[in-house]
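Chemist: A single structure is presented below for examination.
The values are calculated or read from the model by the stated rules, or taken from the named source; none is laboratory data. Note that the structure is a prediction, hence the values are computed from the model and not measured. We place every Cβ from the backbone using ideal geometry, glycine too, and count neighbours over all the protein chains shown.
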């Protein structure tokens with residue numbers, strides 16, 4: 001992402017909810033970094049999905065738009081900020097061990 005794209009996200013607060021576990025994490029973008037914020041702090045946008053769908057997104061085995069239209073990924077709040085955050089998260093280069101396919105057992 002460009003510096004302008006990152007600057008537009010500065011101060012945005014978001015929550016990622018894992019529906020099937022009841023867990024969530026709340027963060028904000030500040031100075032090109034993610035910082036944790038309190039669980040009860042107000043956020044601009046919330047992402048919500050099951051753990052398996054998040055894992056598929058992270059491993060690049062699922063498309064966020066498809067999950068959204070299938071109602072398996074929810075986006076509540078500031079949609080524009082949510083789409084910018086999604087693009088930022090999608091641009092993060094993951095280590096090869098995370099996306100590597102494991103051999104199947106015989």
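Chemist: Can you go through 45, 29 and tell me which one is buried (at least 18 other Cβ atoms within 10 Å of the Cβ), modelled with pLDDT under 95 and either within 12 Å of the chain's Cα centre (by Cα) or under 26 Å from residue 96 (Cα atoms) (or both)?
Modeler: Exactly one of 45, 29 is buried (at least 18 other Cβ atoms within 10 Å of the Cβ), modelled with pLDDT under 95 and either within 12 Å of the chain's Cα centre (by Cα) or under 26 Å from residue 96 (Cα atoms) (or both), namely 29.
Chemist: Return yes or no: is residue 20 touching a helix residue (DSSP H, G or I) at 6+ places or on another chain (Cβ under 6 Å) and modelled with pLDDT of 95 or more?
Modeler: Considered against the rule, which asks whether it is touching a helix residue (DSSP H, G or I) at 6+ places or on another chain (Cβ under 6 Å) and modelled with pLDDT of 95 or more, residue 20 comes out as yes.
Chemist: Let me spell it out: the conditions are (1) out of contact with any helix residue (DSSP H, G or I) (no Cβ under 6 Å at 6 or more places or on another chain); (2) part of a helix (DSSP H, G or I); (3) under 19 Å from residue 27 (Cα atoms), and residue 76 meets all of them except one. Which number is the exception?
Modeler: (2)
Chemist: How many residues does the range 1-26 hold that are surrounded by 14 or more Cβ atoms within 10 Å (Cβ to Cβ) and touching a residue at least 24 places away in the same chain (Cβ under 8 Å)?
Modeler: Of the residues in the range 1-26, 12 are surrounded by 14 or more Cβ atoms within 10 Å (Cβ to Cβ) and touching a residue at least 24 places away in the same chain (Cβ under 8 Å).
Chemist: Within the range 49-61, identify whether any single residue is in a loop (DSSP other than H, G, I, E, B) and touching a strand residue (DSSP E or B) at 6+ places or on another chain (Cβ under 8 Å), and answer yes or no.
Modeler: yes
Chemist: So, residue 53, is that one touching a helix residue (DSSP H, G or I) at 6+ places or on another chain (Cβ under 9 Å), buried (at least 18 other Cβ atoms within 10 Å of the Cβ) and farther than 23 Å from residue 5 by Cα or not?
Modeler: Against the criterion (touching a helix residue (DSSP H, G or I) at 6+ places or on another chain (Cβ under 9 Å), buried (at least 18 other Cβ atoms within 10 Å of the Cβ) and farther than 23 Å from residue 5 by Cα), residue 53 qualifies.
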